[in-house]
Amino acid sequence: MDVPIAYYLVLSAILFSIGVAAFLIKRNIITVFMSIELMLNAVNLTFVAFAHEWHRVSGQIFVFFVMVVAAAEAAVGLAIIIAIFRARNTLNVDQVDLMKL
Amino acid sequence: MTANFQLLRILPEVILTIAGVLIMLIEPLLGHSTSRKPLGWFAVLSVFASLAASFAQLGMAAGTAYYGVIQTDAFSVFFHVLIALIVLVSLLVTIDTANANTESLGELFALMVFGAVGMMLMTSATELLLVFIGLEISSISTYIMAGFRRKNVKSTESSLKYFLLGSFATAFFLYGIALIFGATGTTDINAIASQLGTSAVPMFATIGLGMILIGLGFKVSAAPFHVWTPDAYEGAPSPVVGLMSTAPKAAAFAVLLRIVYVAFPALHAHWQPLLWLMAAFSMTIGNLGALRQQNVKRMLAYSSIAHAGYLLVAFTALSTDGIAAASFYAMSYAAMNVGIFAVVSHASGYDERLSLISDYRGLAYRSPLLGGALGFFLISLIGIPFTGGFFGKFYVFASALHSGMVWLTIIGLVNSGIAAFYYLRLLASAYSKPTNNALLDPMPRASFALLLALVITISGTLILGIVPGQILAMSHNAAVSLTSGIANPAPSATHQ
């Protein structure tokens, strides 16, 4: 038996929305960063589902590149977060507000 | 097609990658007190070499390489040259500004070069996977550059905000690609176009295009996706801001042009009103925001939002006209904006002594060279005739009028009027007599690197303003080569 593709797409849309909501609501920088990772993984799920639907590996290959790039981004992002923590001893985004809009 | 011949199509990127890796290898071997400036000059040389390699691509017939992933044509060469020139000037300004003993300065040069590789890949990629990788190479380099003064609180804050919102935008961009893949079964831009041309447009493709517009809207800082811009620009080192306000935007605009005009002409009725709105919002919000800024870099950040708006006006025009106007505007904006940041960087120094508009009081008396250059670039940003800024705006609005966008043109012209206020405020400040004697110290002497940077940007702005014919012809060729790809999709699987 096959799970219909719509299930995967709805699941990934929900995951993506949770990621967007968490990005906007959460106040801890690490959590904000994790919500971006959640969004990226929702995208990966979409790619894999569509790759299965179309019987084309190019979607799965895309997922590998997304994972590699996400890892590179995580390395840089965590370095920036450490620099922020050293400079101000806080990880609350509301306190990183030296410059105001 | 032989492998060597294909290599020529990515030669500019290959040269820069090798140069960047070499700089990264040499940097840690240098002692603590050794000057890093020779590394900077090496980077400058490599950018020159890559510029030459880009021009050489004009001699080859337009075509694809590596299974249709790369396409070099007049369009990609135009943006390659633009990006190479921006990075060249930014390197020169960095060499001028940084103290000889700035910690691990070589890494900054390498990052600029790596960023250029990503942006160049974006402009010649015809496969969304490669667009994504290029976008990330350029973005990740820019995140690090923004936070390069890592002991400075503002610099790290700027880097964090840029990083978080940039990755947020990337996720939207990717989700868009995934949905388009679902709708068409391919991520090749030319194949998407032929797929969408033959059947009714699936809903996923429309949503996907919307997501891509959001993602790229963030990258070009178009309103309502502009909120990160002022903070990111205020905290980042000035030479880097000159780079990141022009080069990644030019690359993102090139991608946007390729995606909307090559892949999605079928959805023209959907994306045109969206871009109309983004253009109107960006111009208005950018200019009104700039009016109330006291900090020069924040003011220029809002001005860059407004200029992204002017550029988006060109997207509402007919295809060839609009692409040519947009490419020309990208070049003229880059010339004047990189130039003004060269002045700002030198005047305020690596530790940013001058930040407010009132700090620039008497700049023209302290250093006639810097004052004159500042005045010239501001005049061009306002859009006064005989400068690149004037012709850029002229072609954009003319192309919009040709396709009947009367209201958008009126909004744009009103905005150009508003913009004159804040540019003139900085100009007046720089040319009024300083009241405070402390502000009368002469500026540090301009180095050869700065002079070279100013010569390139000023002559660029003048050429674009007085004899724009040749560059206009180039941008027109670029537009033709981009749109002709629609009628005659490049073969993607013929040379395996």
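The values are calculated or read from the model by the stated rules, or taken from the named source; none is laboratory data. What you see is a predicted model; the values in this text were computed from it and never measured. All Cβ positions, glycine included, derive from the backbone under ideal geometry; neighbour counts span all protein chains shown. What goes into the accessible areas is simple: the full protein's heavy atoms, side chains included, and nothing from ligands, DNA or RNA. Shrake-Rupley method; radii C 1.70, N 1.55, O 1.52, S 1.80 Å.
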Chain B, helix-only ellipticity at 222 nm - DSSP H runs n ≥ 4, -39,500 (n - 2.57), divided by all residues, nearest 500: -24500 deg cm²/dmol
Unsatisfied cross-links (Cα-Cα over 23 Å) in the set B:LYS161/B:LYS297; B:LYS249/B:LYS297; B:LYS161/B:LYS393; B:LYS219/B:LYS393: B:LYS161/B:LYS393
Averaged over A:72-85, number of beta-carbon atoms from partner chains that fall within 10 Å: 5
Cβ-based net charge around B:ILE357, under 11 Å, with every Lys or Arg adding one and every Asp or Glu removing one: +3
Region B:454-464 - phi-based ³J(HN,Hα) in whole Hz, Karplus 6.51/-1.76/1.60, Gly and Pro as x: 5, 4, 4, 6, 5, 5, x, 4, 5, 4, 5
Under 13 Å, Cβ to Cβ, from A:ILE82 - net charge with Lys/Arg +1 and Asp/Glu -1: +4
Calculated over region B:235-342: convex hull of Cα atoms, volume per residue (Å³): 87
Interchain or long-range residues, amide H under 5 Å from B:GLU127's placed H: B:ILE189
List of region B:176-199 residues, accessible area with partners at least 40 Å² below that of the chain alone (1.4 Å probe): B:ALA178, B:PHE181, B:GLY182, B:GLY185
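At a Förster radius of 56 Å, what calculated FRET efficiency corresponds to the Cβ-Cβ distance of B:LEU413 and A:HIS52, to the nearest 0.05?
Plugging the Cβ-Cβ distance into 1/(1 + (r/R0)^6) gives 0.60.
What average number of partner chain Cβ atoms lie no more than 10 Å from the Cβ of the residues making up B:357-369?
If you average over the peptide's residues, the count of other-chain Cβ atoms is 0.
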Extended-chain gain in nm, criterion 0.36 nm per residue less alpha-carbon gap, B:SER432 and B:LEU25: 141.7 nm
Cα gyration tensor shape of region A:5-95, rounded if a/c is under 1.5, else prolate or oblate by comparing a/b with b/c: oblate
Cα centroid separation, region B:380-438 to region B:80-134 (Å): 28
Trypsin sites (Lys or Arg not before Pro) within region A:1-78, DSSP loop, no more than 13 other Cβ atoms inside 10 Å: A:ARG27
With every protein chain in place, chain B: carbon and sulfur % of accessible area (1.4 Å): 71
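Under a 1.4 Å probe, what is the accessible area of chain B per residue, stated in Å²? List each step's numbers first, then the result.
Working: 16180 Å² over 496 residues.
Dividing the accessible area of chain B by its residue count gives 33 Å².
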Accessible area of region A:5-95 belonging to carbon and sulfur atoms, whole % at 1.4 Å probe: 71
13 Å beta-carbon shell around B:LEU381, net charge (K/R +1, D/E -1): +2
Size descriptor, Kirkwood hydrodynamic radius, that averages inverse alpha-carbon separations across region B:137-290, Å: 16.4
Per residue solvent-accessible surface (Å²) - region A:5-95, probe of 1.4 Å: 52
Highest-first arrangement of B:248-256, A:29-37, B:449-457, where packing means the average Cβ count within 10 Å: B:248-256, B:449-457, A:29-37
Inter-site label distance for B:ALA52 and B:ALA398 at 7 Å from Cα along Cβ, in nm: 3.6
Inter-chain Cβ neighbour average for residues A:52-61, partner chain, 10 Å: 3
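Give me the compactness ratio for region B:3-483, meaning the Cα radius of gyration over 2.2 N^0.38 Å.
Normalised Rg, Cα atoms only: 0.92.
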Simple label model, 7 Å out from Cα along Cβ direction - B:LEU45 to B:VAL153, nm: 4.3
Relative packing of B:458-468, B:236-246, B:132-142, which averages over residues the other C-beta atoms within 10 Å, highest first: B:236-246, B:132-142, B:458-468
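To the nearest hundred square angstrom, how large is the accessible surface buried between B and A, total for both chains, probe 1.4 angstrom?
Working: alone 18040 and 7510 Å², together 21770 Å².
Using a 1.4 Å probe, the pair buries roughly 3800 Å².
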If the convex hull is drawn through the Cα atoms of the protein assembly as shown, its volume per residue in Å³: 146
Over region A:1-49, equivalent-ellipsoid semi-axes from the Cα gyration tensor in Å: 25, 9, 6
